[in-house]
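First comes the structure, then the notes that go with it.
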Amino acid sequence: MRSGRRVSALAAAGLAAGCAATAPMASGDMAASCDAACLEGLMSAYIDALAAKDPSAAPVADGLIFSENGVIQPFGEASWLTMEGRGSYWLPITDPEAGEAVVFTTMIERGDEEQMTLRIKVEDGAIVEAEQMIVRPTGSIPPIIQESPDPRLLAPVPEDERVDRAALIAIADSYFEGIDTATDSSITPFADDCQRRENGNITAGSPVETISPMVLLDCKAQFDTGFQVIVTDIRDRRITVADVESQLVFGYAFFDHSGVGSPTTTTGTFAKPFTFQIAEVFKVRGGEIEQIEAILFSAPYRLRTDFDRLYEARGVAPNHGR
């Protein structure tokens, strides 16, 4: 491992097999040095350290950039002081080409089981960015905790039904763009039986009516109702992780709701300005979205995360992945 990158002795020992350094590499090869197993191992080690409230056991580099729910802060603060254990849910998405990975998981905090995503960026076998997003029980859409991912998210995709990394990113962005600018499903490729879950709640393609009759409609049918007019803008899209083997693609976005501009926004939840901060994963098969899993919570209207500002300062366009 190069000088300037340091992980704890415990983490380094446990991950040596997956992330062992060889000769010094050109900068373009740094991401490729950590394969899918290495990336997942780093995330698991990080989560173990978080559950133990032990930042020193996390496989992170000196100079790590750490954030929780959009705010960059000192590593070891926030939920590092309050977490108590791991849950059973584990959905990893790895992207060795980008040197990034994300996991949808559950954690125990002050006795509550909570949904969480962790995105990592890796250089030289150590985590240089760690972005946590946690949905706590006080949120606007109370979470339904699942023990394991929906089977369709985990199902293998034959090679002849896969698309490449660039296509995965474009398909994910077409979902956001379809809500942002379209009034039907014409620009978003949905499978006929596409289902969506938000904070564990089935909100499209549900077999039973729950919060609204709309949940009985599949993703495509919902888009064709034109319901998207309740969303004012979808911005700061960062489609960061695309796993070609599993055909899972992940991104962040903000859904702004201005409280005006639609007959459905005169009363109730969407009658006043607010924003949903969202982390979302799409399962693609044959170039079509067949399953969507999202976690989200309400935030102040037009909020941005510190990572969005950071990448913008680096000259990374926020709306087209990277």
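Annotations
- Amide hydrogen neighbours beyond the local backbone of Arg285, cut-off 5 Å, H modeled: Glu290
- Taking a quarter of the surface of the Cα convex hull of the stretch 68-160 gives a mean projected area of 7.9 nm².
- Residues in the stretch 238-249 carry Karplus couplings, in order, of 10, 8, 9, 9, 10, 9, 5, 5, 8, 6, 10, 9 Hz; the curve used is 6.51 cos²θ - 1.76 cosθ + 1.60 with θ = phi - 60°, and Gly or Pro positions show x.
- Distant-in-sequence amide H partners of Leu217 (H built 1.01 Å from N, under 5 Å): Gly205, Ser206
- Rounded to the nearest 20 debye, the dipole magnitude of the chain is 800 debye, with +1 charges on Lys and Arg beta carbons, -1 on Asp and Glu beta carbons, and the Cα centre as origin.
- Here the convex hull built on the C-alpha positions of the stretch 133-276 has a volume of 132 cubic angstrom per residue.
- Given (1) 38, 26, 15; (2) 56, 22, 16; (3) 33, 22, 19, the label whose value is semi-axes √(5λ) of the Cα gyration tensor in Å derived from this model: (3)
- For peptides 193-203, 115-125, sequence by mean Cβ density within 10 Å, most packed first: 115-125, 193-203
- Residues in the stretch 125-130 carry Karplus couplings, in order, of x, 10, 7, 10, 9, 9 Hz; the curve used is 6.51 cos²θ - 1.76 cosθ + 1.60 with θ = phi - 60°, and Gly or Pro positions show x.
- Among the DSSP helices (H) of the chain, those spanning at least 18 angstrom by Cα along their long axis with an average Kyte-Doolittle hydropathy of -0.5 or more are 36-51, 165-180; this is a geometric and hydropathy rule only.
- Mean Cα-pair separation over length for the stretch 154-313, i.e. relative contact order, pairs under 8 Å, 6 or more apart, %: 25
- Packing-based order for 175-187, 281-293, 156-168, 99-111, using average beta carbon neighbours within 10 Å, highest first: 281-293, 99-111, 175-187, 156-168
- Proximal aspartates and glutamates to Lys220, defined as alpha-carbon separation beneath 12 angstrom and excluding residues fewer than eight positions away on the same chain: Asp184, Asp192, Asp193, Glu288, Glu290
- Per-residue Karplus couplings for the stretch 105-111, computed as 6.51 cos²θ - 1.76 cosθ + 1.60 with θ equal to phi - 60°, are listed in order as 8, 10, 9, 9, 9, 6, x Hz, Gly and Pro entered as x.
- Normalised contact order of the chain, rounded percent, pairs of Cα under 8 Å and 6 or more residues apart: 15
Taken together, the values in this text are just the output of simple stated rules run on the coordinates, not laboratory data. Just so it is clear, the structure is predicted and the values come from calculations on it, not from any experiment. Glycine also receives a Cβ, built like all others from the backbone with ideal geometry; neighbour counts cover every protein chain displayed.
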